[in-house]
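Before any comments, here is the structure.
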Amino acid sequence: MKNEKKSRYKWPIKRKIVAIICVVYIVCFSSFLFLFYGPFTSFKEFWITSAMTTKSHQYLATFIYSDKYIQEVLKNNRIIEVDEISNPDDISLRKYKTMIYRNEYEKQILQKDSDNDLYKLIQIKGQGYQGFLVAIYDPSRIHIATTSKLGVMGESILKVSEREKAIIAMNAGGFYDPDWNSNGALPHGTVISYGNVVSDYDDAQMGGGFIGFTKEDKLILGNMTKEKAIEVGYRDAIEFGPYLIINGKRSFIKGNGGWGIAPRSAIGQRKDGIVLFLVINGRIPSSIGADMVDLTDIMEQYGAYNAANLDGGSSSELVINGKIINTPVAGGENGLRNMSTFWIVK
């Protein structure tokens with residue numbers, strides 16, 4: 001009799017649990033259908049462009065949407081770059097004394113820390129993203145560093161920073177990654193370091209072209225051949241893109257630019273020669289990431305006359321004085337990944 005009562009007592013609870021699970025399942029499934037197939041175009045564009053610009057997570061889009069629909073979304077979210085080469089004559093390296101600042105961004109850049117004449121670290125915050133901008137006052141100290149085992153194995157930014165005795169280090173170009181799990185050994189495009197071509201492989205087809213500094217310490221952006229780049233006189237350069245600003249003109253960005261929202265890195269130079277390193281955190285609760293519009297807006301706000309996107313996603317990393325400044329999301333030790341090329345300040 002007791003067993004019978006016990007059994008009668010348990011069944012209603014089990015049924016309630018099953019009912020709750022069913023309701024939760026129905027709500028979740030309905031929410032899934034509403035978000036991914038409902039009227040909110042912006043969410044679908046965010047999802048598809050963010051997934052398709054990754055190497056290892058494109059299935060998040062291809063599993064849900066047809067190839068035709070994905071291509072339609074990518075067509076409506078793209079970036080059309082300024083078809084020019086940076087004019088070095090527009091850049092005039094100079095020093096500032098006390099002045100009246102035109103806006104808060106110029107004040108942040110030009111009001112140097114009293115104990116630091118080389119660089120200034122500025123925190124960046126926007127809608128949905130957080131990151132860091134480094135203003136570098138002496139562009140002659142900026143170079144390209146590579147893994148010591150170029151073509152064989154990549155290295156972490158911490159190891160490269162330590163070996164090069166770099167004060168600042170940031171990721172640079174992309175690298176050959178056919179299985180989405182490579183060791184970062186082979187950089188895409190031509191790499192020039194201290195005036196020498198150290199690597200020359202197929203470019204990443206990411207738009208843009210050469211991103212680098214001449215012997216006169218001016219950042220030149222231009223889609224050109226390796227031979228033309230040597231003629232231009234790059235001392236340190238990589239190939240990547242897309243370009244965000246050339247000669248003060250913004251690239252035309254349709255939608256979110258087709259790159260989605262993710263961790264981002266970018267480089268730029270103001271007309272006064274000050275160089276900007278930008279790294280935006282992403283894929284973490286406090287910072288979803290940035291799109292190409294965000295990057296361009298930030299660079300423009302801080303006075304960039306020329307600016308370009310760099311390799312992003314899990315490659316976005318910033319180190320100052322041997323300390324990781326941003327929040328890398330590669331999943332390796334300290335969230336870092338092995339890579340092939342780096343911007344360093346010595």
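The values are calculated or read from the model by the stated rules, or taken from the named source; none is laboratory data. Predicted, not measured: the structure shown is a model, and the values here were computed from it. In this analysis, Cβ positions are derived from the backbone assuming ideal geometry, glycine residues included, and neighbour counts consider all displayed protein chains.
K112 fulfils the conditions (1) surrounded by 16 or more Cβ atoms within 10 Å (Cβ to Cβ); (2) basic (K, R); (3) under 26 Å from T327 (Cα atoms) except for a single criterion, (1).
Pairing residues of the range 81-105 that are over 27 Å from S251 (Cβ atoms) and assigned by TED's automatic domain parsing to the domain that holds N256 with residues that are among the aromatic types (F, W, Y) and at pLDDT 95 or above, at Cβ distances under 7 Å and at least 6 apart in sequence or on separate chains, gives no pairs at all. Scanning the range 292-327 for residues that are within 12 Å of the chain's Cα centre (by Cα), farther than 26 Å from Q111 by Cβ and without any contact (Cβ under 8 Å) to a residue 60 or more places away in the chain turns up G312, S314.
Determine if the range 243-250 includes at least one residue that is surrounded by 22 or more Cβ atoms within 10 Å (Cβ to Cβ), in contact with a His (Cβ under 8 Å, 6 or more places away or on another chain) and either at pLDDT 95 or above or under 30 Å from F43 (Cβ atoms) (or both). No: zero hits. The conditions of being closer than 22 Å to G208 by Cα, part of a loop (DSSP other than H, G, I, E, B) and touching a helix residue (DSSP H, G or I) at 6+ places or on another chain (Cβ under 9 Å) are not met by I64.
Annotation for the range 232-240: no member residue is loosely packed, with under 15 Cβ neighbours inside 10 Å and under 16 Å from T341 (Cβ atoms). Here N223, N256 are screened, and the one residue that is more than 21 Å from Q108 (Cβ to Cβ), buried (at least 21 other Cβ atoms within 10 Å of the Cβ) and of a type in the set (S, T, N, Q) is N256.
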